[in-house]
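See structure below.
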Number of protein chains: 2
Amino acid sequence: MSRRVTLQTVADAVGVSRTTVSNAYSRPDQLAPDLRRRILGVAADLGYAGPDPAARSLRRGRAGAVGLLFNEALGYAFTDPAAVMFLQGVAEAGEPAHVGLLLLPAPPGAPEAPGVRDAVVDGFLVYSVPDGYPGLRAVLDRRLPTVTVDEPVAPGPGPAPGFVGIDDRAGARAVARHLLDLGHRRVGVVTDRMAPDDRRGRYDPAGYREAPSRVGHERLAGYADALTAAGVAWPGVPIVEEFPNTVAAGRAAAAALLDVADPPTAILAITDQLALGVLLAARDRGLAVPGDLSVTGFDDVPAAALADPPLTTVRQPLVEKGRAAARLLLDLIAERPTRRVDLPADLVVRASTAPPRSP
Amino acid sequence: MSRRVTLQTVADAVGVSRTTVSNAYSRPDQLAPDLRRRILGVAADLGYAGPDPAARSLRRGRAGAVGLLFNEALGYAFTDPAAVMFLQGVAEAGEPAHVGLLLLPAPPGAPEAPGVRDAVVDGFLVYSVPDGYPGLRAVLDRRLPTVTVDEPVAPGPGPAPGFVGIDDRAGARAVARHLLDLGHRRVGVVTDRMAPDDRRGRYDPAGYREAPSRVGHERLAGYADALTAAGVAWPGVPIVEEFPNTVAAGRAAAAALLDVADPPTAILAITDQLALGVLLAARDRGLAVPGDLSVTGFDDVPAAALADPPLTTVRQPLVEKGRAAARLLLDLIAERPTRRVDLPADLVVRASTAPPRSP
DNA sequence: TTGTACGCGTTATCAT
DNA sequence: ATGATAACGCGTACAA
């Protein structure tokens, strides 16, 4: 077995210095064109695959890629339309800058995050990962430029992370008020996991060991704002927690809300995915939406508009969120001045909401 | 400005050798636990971010990540449900192995593919990229373990690429035969780009400078098999080419097929996305599906079942394709024996097809 | 359990 | 236009 082919091998074969071969690849203008051709030719004959990216990255101090961390298993992320749209935005903004996107495996369960430690990247994008997740700590420990999305983090040892988010509370307030304006007073709430504790069932704000997710907290607070202002006792509104953020989970959570003596006339779901599940649960029980039950979501993923009936929800600019996050990170990496980005969240009224049958 | 903190800095501060500090991070069992704690403590005080991944990767010869190349701009890939499901499968299979997924920016337009050249990876996954694309050449030049999906490539200078695909021809034949069995004889075809030439409009097999995509070629061949066998003259069936693979493109392509004197009673779309667009084009013209027009797709993405009417199509196991591709690549990287993987493609009859109104 | 010595493959700098 | 030299930061025999 012969030794691995490197710049030196090629240099020796051509009879020039390593530097010249390097230039042939990385700075074509520093070279006589025909010498360059000769070098490339010999390299091809020798089976040289080009400058080693790891060595190159080590020497130059740049990686040409950014790492992405998700709050769930990677396979799941591609199941969540909101995450996919975010990724789309990131890709759109990153492509012109020629940066690769390194998706990191960091399941919430595993305390270690070897993928994060070994990632050859210039910075990190952290999507919707509440402070306290082990993978997030590993990211912060890398002390690289970092942007968190949706969930702000306590500043760590490294540079202060950038942040991109929306006004979840105002959005939630708007959709809850919409329901109240229609006349609803008996409402229920379906929420995704509120903290890494992985609880299911009746939500009880007390007793969480881990810090809650900002998004969950804010959306619930927005609902509370509106309901309280309308005289509906907020602790008293039934809230069911389920995960992950899927249609199936929404269906299950709605069951707990619906199968009681005096069911709500409207259900606020904290995400569209969950709301889609609530729609199914209503159908399971022969309940007409919005006749017997009004249902609202949050996010406005494409499926929301296509649902039957089309979902009243809160729109957030998901793709733009990805673009903004990527731009912010690129600015951070280039040491350009940056600022926090807050995107809007607007109520979108469609056909899944109507006045309650019996007020 | 002080010098950058490295293993050596920490070693000096603690009064041990570099090796020991390295072990503290990478081989905890080679160390007295309390010495390790002291080292880690000093490292934290010094602001040491841990072993540099580029240097580590250079030294060990492994990257812990695989590169992914797409046939379209990255931003677009997240728009294509089939691509997203593929990614989901890849992520599922890659996560247990702790491999990162490096999504590479390589727009078909750009002849250079710097992202590919600089990718610190152990292998490549190439999704649906026809031989001849510049980015693909760059991948092959890296001479790393590679798996191509859907489109086989001519063996290059490096190791022979693995391949994962489905029996597109059989699937296409089945769906075309289904239409023929229903009594259709006047059909039209809508296809995605057949080659990198980026043509739109009436398809003419001649005159392409670039090699055609295998998938497109095979699916058309499958249609031809069935139609010819039923006595329908294949060159004679109108075929319209559009791109990219989107609902909008399908709508536009269908218009060209429908707005003629003697329109087809059925349209075979080469992908579900395009078929969904055909459905829209039919609605635009007040044509009932399947009453006035039968429509078929290919892929069976989730939206196909949810369409109005639900789409008759050919199912391919998209997520499984991703898993298989990732497993194959991992095997290749580990120098385990591998084989080509062929997945099934099955006809799924739903409500978008029926006998023609007037035979 | 800890230290020594060397090499991983490249690019920046400066000289020629 | 080309070459010599010195980092870049780390892992791993091997010896102690």
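The values are calculated or read from the model by the stated rules, or taken from the named source; none is laboratory data. All values reported here derive from a predicted model rather than from experimental measurement. Every residue, glycine as well, gets a Cβ built from its backbone with ideal geometry; the counts of neighbours run over all protein chains shown.
Quick notes
- Pairs, first in a helix (DSSP H, G or I) in the range A:32-47, second among the basic types (Lys, Arg) and within 14 Å of DNA strand D (Cβ to nearest atom), C-beta under 8 Å, six or more apart: none
- For the range B:21-58, a residue qualifies if it is near DNA strand C (Cβ under 10 Å from one of its atoms) and out of contact with any helix residue (DSSP H, G or I) (no Cβ under 8 Å at 6 or more places or on another chain), and the qualifying residues are B:Arg27, B:Asp29, B:Ala32, B:Pro33, B:Asp34.
- Failed criterion for B:Thr296 (all others in (1) within 14 Å of chain A (Cβ to nearest Cβ); (2) in contact (Cβ under 8 Å) with a residue 40 or more places away in the chain hold): (1)
- Condition check for A:Ala97: of a type outside the set (Ser, Thr, Tyr) and crowded, with 22+ Cβ neighbours inside 10 Å: no
- Scanning the range B:8-31 for residues that are more than 21 Å from A:Pro114 (Cα to Cα), within 9 Å of DNA strand D (Cβ to nearest atom) and part of a loop (DSSP other than H, G, I, E, B) yields one hit, B:Ser17.
- Verdict on A:Ser26 being at the interface with chain B (Cβ under 9 Å from one of its Cβ atoms), within 43 Å of the chain's Cα centre (by Cα) and of a type in the set (S, T, N, Q): no
- Only one of B:Gly201, B:Gly158 that is within 23 Å of B:Glu72 (Cβ to Cβ) and surrounded by fewer than 19 Cβ atoms within 10 Å (Cβ to Cβ): B:Gly201
- Complete set of residues in the range A:317-350 that are farther than 23 Å from B:Ala307 by Cα and assigned to a loop (DSSP other than H, G, I, E, B): A:Pro317, A:Ala334, A:Glu335, A:Arg336, A:Pro337, A:Thr338, A:Arg339, A:Arg340, A:Pro344, A:Ala345
- Complete set of residues in the range A:133-157 that are over 23 Å from B:Ala97 (Cα atoms), in a loop (DSSP other than H, G, I, E, B) and modelled with pLDDT of 85 or more: A:Arg143, A:Leu144, A:Pro145, A:Asp150, A:Glu151, A:Pro152, A:Val153, A:Ala154
- The set of residues from the range A:140-155 being over 17 Å from A:Glu210 (Cβ atoms) and either of a type in the set (Gly, Ala, Ser) or within 11 Å of chain B (Cβ to nearest Cβ) (or both) comprises A:Asp141, A:Arg142, A:Arg143, A:Leu144.
- Hits in the range A:11-21 - residues which are crowded, with 19+ Cβ neighbours inside 10 Å and closer than 14 Å to A:Ala55 by Cβ: A:Val21
- Of the residues in the range B:30-48, at least one is more than 14 Å from chain A (Cβ to nearest Cβ) and of a type in the set (Gly, Ala, Ser).
- Residues within the range B:151-169 that are touching a Pro at 6+ places or on another chain (Cβ under 9 Å) and touching a residue at least 24 places away in the same chain (Cβ under 8 Å), tallied: 10
- Under the condition of being at the interface with chain A (Cβ under 7 Å from one of its Cβ atoms) and without any contact (Cβ under 8 Å) to a residue 12 or more places away in the chain, the residues counted in the range B:90-104 number 1.
- Contact map, the range A:1-23: first residue more than 21 Å from B:Arg142 (Cβ to Cβ), second residue at pLDDT below 90 and in a loop (DSSP other than H, G, I, E, B), Cβ cut-off under 9 Å, separation 6 or more or different chains; pairs are A:Thr20/A:Leu31.
- Entry remark, the range B:1-20: residues being over 43 Å from the mean Cα position of the chain (by Cα) and either within 11 Å of another protein chain (Cβ to nearest Cβ) or near DNA strand C (Cβ under 8 Å from one of its atoms) (or both) number 7 in total.
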